[in-house]
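Below you'll find the structure, written out as structure tokens, and then a few comments.
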Amino acid sequence: MRLHLYTGQVRIVLGQINTTVGDFSGNSAKIIEYAQRARSAGADLILFPELSVCGYPPRDLVERPWFVERNRQTAEVIARETQGIAVICGLVTPAKASTGKSVLNSAALLRDGKIAFLQSKRLLPAYDVFDEMRNFAPADHQELFSLADNRVALTICEDAWNDKHFWDRRLYGVDPVEELIGAGGNILLNISASPFYLRKRELRGDMLAAIAKNYRVPVVFVNQIGGNDSLVFDGSSFVLGPDGNVIAQAKSFEEDLVCCDTTTLIGDMHEQIAGEEASAYAALVLGTRDYVRKCGFKRVVLGLSGGIDSALTACIAVDALGPENVIGVGMPGPYSSQGSIDDAVQLAKNLGIRFAMVAIGEIFDSYLKALKPVFAGREPDVTEENIQARIRGSLMMAGSNKFGGLVLTTGNKSEIGVGYCTLYGDMCGGLAVISDVPKTLVYRLARYVNSRRPIIPDSTITKAPSAELRPDQKDSDSLPPYEVLDTILEDYIEDNKSPDAIAAAHGYDLEMVRQVARMVDKSEYKRQQAAPGLKISEKAFGFGRRYPIAAKTEM
């Protein structure tokens, strides 16, 4: 592979910012502020993330003509306010073709007070959480632009995700990077809105390093941070030298401004969060903070049962919003243990949050009394358990109305996966904070929280998990041990393995695996009525996993 020469020094800044979908004034103000700071630092060029003008993902908002027009108007304002430095930012532009989608996912080069160059995204992902083929037309070609005598290749997110030297199986028949570098590009820029999931940062780094080494060019990658709906963006922007080594990097899960020089190959190196537990926790905190605030709420309400799931959710909420904006509610029922009640009280005290206790025993008795004639001759079963959960759900929503707080649900991915949850009960709420966190990871995150400062009572972590909806109830009465269950769920949900393959790989009883798989499939109707959750795994429940409800699955 030939070595590309750099004929002009370029001082580049990465503008790693947190945007809000549809907030043109707020997003543009941030872009202008960061560009002016970069100009004061002597930079030639600053890059901002994909669709940073309108926020990502805009989804069907791009079907509104006024929304598309605001993109252009806002970009023109940014251009006028940032003269003296070249700015690259993402925006929606009209498609000129007479057929197909009416808009493009574009990047604008703003220079000398105007839009000097437009490049549009060629590869539009349509897998997992992405559905860009629904909203955008693909670019039919891409070009280089000149900067300080360099020929610059500008790509948008997925455009750099089709390298034949890295992927065993490619999703697209063209490779924009190969074409642009082949046309003489000697610097590769990539503006992204690449969502976080565990081990995603390592994948991105390895993939882009392979491009840098193969083509012997610097690679400049800027990614947005923040939470938008279920997606969390970690930032973690970086610049790679032609040898694939990192020469500049931004923080993870924080806004940042990072400078580098593509000639001297020297840049700012800001520390990133390392470790799976620390990264997952930071993503959940950021996702919770942004979901609550971008939806117009200031505070949250959640039930504190004394169990580990609600304890972890409360810790995340406090770190996201501050203890003054978190209200915990204990709702002991007839089967709640004194230990669980004490743990809930102690947790609230440790966190410094407002805490209220509302016993549901009398309410539950009134339900049983009212239903006694209807249920005559029938033994108690899961019906009575669900009544307790639904009483608690109603109380939580009352608290939401009265205090103006968003209700956080506390169910984990393992329970939601197999339907071990109650519609209109513990599933009531506006955000399912840990719905993509398997139970085994819940325990790891709880220990991570306590490693920083003892918050969660030890007894909450060490006691056997229980919904406490009947005498001496344990989760293990209905489910395999969580270590086994989570292994099955990961294989079945994330890797789409068959029960036979899962059982054979791990030496599990085949009928047990099939039963878990049946529980997953039968619970689809519950999950599609659940609150949105924060995605931190490669395959989360929600709009990135689209399965039918009315279906028969034969195994």
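Read the figures in this text as sums done on the coordinates, not as results from a lab. Since we're looking at a predicted model, the values are computed, not measured. Virtual Cβ from ideal backbone geometry, glycine too; neighbours counted across all protein chains shown.
Using C-alpha pairs below 8 Å separated by at least 6 residues, the relative contact order for the chain is 11 percent. Of the trypsin sites (Lys or Arg not before Pro) found in the stretch 480-536, no site is in coil according to DSSP while having at most 15 other Cβ atoms within 10 Å of its Cβ.
Relative contact order of the stretch 78-203: what whole-number percent is it, with Cα pairs under 8 angstrom and at least 6 residues apart? Over the stretch 78-203, the number comes to 19 percent. Around the Cα centre of the stretch 49-96, unit charges on the Cβ atoms of Lys, Arg, Asp and Glu (plus for the first two, minus for the last two) sum to a dipole of about 80 debye.
Run the numbers for E494 and T383: contour at 0.36 nm per residue of separation, minus the present Cα-Cα distance, in nm. Each step should come with its number before you reach the end.
Working: separation 111, 0.36 × 111 = 39.96 nm, distance 3.17 nm.
36.8 nm is the gain from fully extending E494 to T383.
Restriction of the chymotrypsin sites (Phe, Trp or Tyr not before Pro) in the stretch 330-388 to DSSP coil positions whose beta-carbon has at most 14 other beta-carbons within 10 angstrom yields F375. With the simple model of a label 7 Å out from the Cα in the direction of the Cβ, R199 to Q73 spans 4.7 nm. With the highest mean first, a sort of the peptides 410-420, 444-454 on other beta-carbon atoms found within 10 angstrom per residue produces 410-420, 444-454.
Computed from the C-beta positions of E271 and R293, the FRET efficiency with R₀ = 25 Å rounds to 0.50.
What order, most packed first, do the peptides 314-321, 271-278, 198-205 have when packing is the mean number of other Cβ atoms within 10 Å of each residue?
314-321, 198-205, 271-278
In terms of its C-alpha gyration tensor, the stretch 11-271 has a rounded overall shape, because the principal axis ratio a/c (a ≥ b ≥ c, square roots of the eigenvalues) stays below 1.5. For the listed residue pairs K121/K497; K121/K413; K463/K535; K30/K251; K497/K535, the alpha carbons are over 25 angstrom apart in K121/K497; K121/K413; K463/K535. Can you classify the chain as rounded, prolate or oblate using the Cα gyration tensor, where a ≥ b ≥ c are the square roots of its eigenvalues, rounded means a/c under 1.5, and otherwise it's prolate if a/b beats b/c and oblate if not? Prolate, since a/c reaches 1.5 and a/b exceeds b/c. Loop-located GluC sites (Glu not before Pro) in the stretch 503-555 (DSSP state other than H, G, I, E, B) with a sparse environment of at most 13 neighbouring Cβ atoms within 10 Å: E554.
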